[in-house]
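Enquirer: Okay, here's the structure, questions in a sec.
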Amino acid sequence: MRLIIGFYSLIFLGIVLLSCESKPVKNSTNLDIHFEDIDNFWKAYDIIKPITDHSVRTAVIQDEYMNKGSKALQSLIKKDKLTASDYATYLKDTVFFNSIRETTFQIKNDTTKIRHHLRAFESTYPLATFSDIYFVIGQFKRAGTVIDSSMIIELEKNARSHQTRSAFLFNDKQLNNLNDQNSLMSLIVHEQVHVNQTNINTRNLLSKAICEGSADFLMYLHTGEHPAATQRTYAYGDANETTLWVKFKTDLDINYKYIKTDWFYNYDREDIPPDLGYYMGFKICEKFYNESDDKLEAITFMLDGNNSKKVLELSGYNGGL
């Protein structure tokens, strides 16, 4: 199968475009990796640990962490409506935060590994642009995102280890849904793929599935693994691929609108793993890529959300049958 694309022009939109303040860089060597928000967070944490008055704790978090935050943290605060009061409440679970602290500092030693994986992605996709990476502590809303041409990795969701415990924020099952440090490389490649996507309609089931599935596929192509938090989803998908495809195709046919109930971010479901829409998009993109003669052309094509229907059609994907 060969695609016909007139020219390669990737205009950066990102997942959430709030301003044009910073620009993606042209190669992985030039991007900056920032840890200042992690340092500020733990300084604030140490100050408030012995303080019981909620208003005082809130003021310290505001002054020592949020107000001193990087431009990426400021964007995240605005996007997710993060408040110092919520931080002050979450940080009462000192069992949890003490248990991830060492790992958040160890990640500073991973910069060489991060650049290695991004260079691998760049070698496969020379048209790629890259965003600076900011490590922060958020409020458990997501593992990573891209805002204002900056990649933001929230370490409270990516620093699980065998030592991780929680007094009240998480039960054991919920702890297992957090990513570990080894998953960071996969997550970072996934988010860098998002940097290079265009014309994404996240309210459309197929477009959203191809958006996340292509990021997961290209991530897997370069790291050979899925983040810990999604491994159960992919294992379930492989065991139920045909059944899932029938439901997915049915939902496409009826222009199914409740995609967050069955396919994305449905972490409260007990009967199925979350984010099976990622899995379906992955399988479609995998088949599309494998069937394509020109791999660079295939990647460029799948990264444009306007091509979602064509990606499915040209892939010939049929639920593994």
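Here, each number is a calculation from the coordinates, and none is a lab measurement. Computed from a predicted structure; not experimentally measured. As a convention, Cβ positions derive from the backbone with ideal geometry for all residues, glycine included, and neighbour counts pool all protein chains shown.
Enquirer: Rounded, prolate or oblate: which fits the stretch 157-263, taking a ≥ b ≥ c as square roots of the Cα gyration tensor eigenvalues, rounded meaning a/c under 1.5, else prolate when a/b beats b/c? List each step's numbers first, then the result.
Expert: On the way: a/c = 1.94, a/b = 1.46, b/c = 1.33.
Verdict is prolate for the stretch 157-263.
Enquirer: Mind jotting down a quarter of the surface of the convex hull over the alpha carbons of the stretch 28-195, in square nanometres, one decimal? Provide the component values of the computation, followed by the final result.
Expert: Details: hull surface 37.5 nm².
That works out to 9.4 nm², a quarter of the Cα hull's surface.
Enquirer: Quick check on the stretch 205-315: take the gyration tensor over C-alpha atoms, sort the square-rooted eigenvalues as a ≥ b ≥ c, and tell me if it's rounded (a/c under 1.5), prolate or oblate.
Expert: Here the stretch 205-315 falls in the oblate category.
Enquirer: Just to confirm the filter: which trypsin sites (Lys or Arg not before Pro) across the stretch 150-201 are DSSP coil and have at most 16 other Cβ within 10 angstrom of their Cβ? Walk me through the numbers before you get to the answer.
Expert: Values: sites: LYS157, ARG160, ARG165, LYS173; in loops: ARG165.
When the trypsin sites (Lys or Arg not before Pro) of the stretch 150-201 are filtered for loop state and at most 16 Cβ neighbours within 10 Å, ARG165 remain.
Enquirer: Here's something else I'd like to know. Dipole magnitude of the chain about its Cα centre, charges +1 at Lys/Arg Cβ and -1 at Asp/Glu Cβ only, in debye to the nearest 20? Numbers along the way, then the final one.
Expert: Values: 36 positive and 41 negative charges, 59 e Å.
For this selection, approximately 280 debye.
Enquirer: Another question, then. Springs between alpha-carbon pairs under 10 angstrom, Gaussian network model over the chain: which of LEU155, LEU127, LEU252 fluctuates most?
Expert: LEU252
Enquirer: Can you tell me how much longer the chain between THR83 and ASN177 gets when fully stretched, taken as 0.36 nm per residue apart minus their C-alpha distance, in nm with one decimal? Intermediate results must be reported in sequence, preceding the final value.
Expert: Working: separation 94, 0.36 × 94 = 33.84 nm, distance 2.40 nm.
Full-extension gain reported as 31.4 nm.
Enquirer: Looking at the chain, what % of its DSSP beta bridges pair antiparallel, to the nearest 5? The partial results should precede the final answer.
Expert: Working: 5 of 15 bridges.
Looking only at bridges with both residues in the chain, the antiparallel portion is about 35 percent.
Enquirer: For a footprinting-style exposure proxy, rank HIS222, HIS190 by other Cβ within 10 Å, fewest first.
Expert: Numbers: HIS222 23, HIS190 26.
Lowest count first: HIS222, HIS190.
Enquirer: Along Cα→Cβ, 7 Å out, is where each label goes; now give me the distance between the ones at THR112 and TYR265 in nm to one decimal.
Expert: In this crude spin-label approximation the distance works out to 3.9 nm.
Enquirer: Students often forget the sequence filter, so: which lysines lie under 19 Å Cα-Cα from LYS43 once same-chain residues fewer than 8 apart are removed?
Expert: LYS68, LYS71, LYS92, LYS108
Enquirer: Here's something else I'd like to know. Gaussian network model of the chain, Cα springs within a sub-10 Å range: biggest mean-square fluctuation belongs to which of HIS117, HIS54, HIS194?
Expert: HIS54
Enquirer: Based on DSSP H runs of at least 4 residues, each adding -39500 (n - 2.57), what is the mean residue ellipticity at 222 nm of the chain after dividing by all its residues, to the nearest 500 deg cm²/dmol? Provide the component values of the computation, followed by the final result.
Expert: Details: 15 runs with 159 residues, N = 321.
Here the helix-only value at 222 nm equals -15000 deg cm²/dmol.
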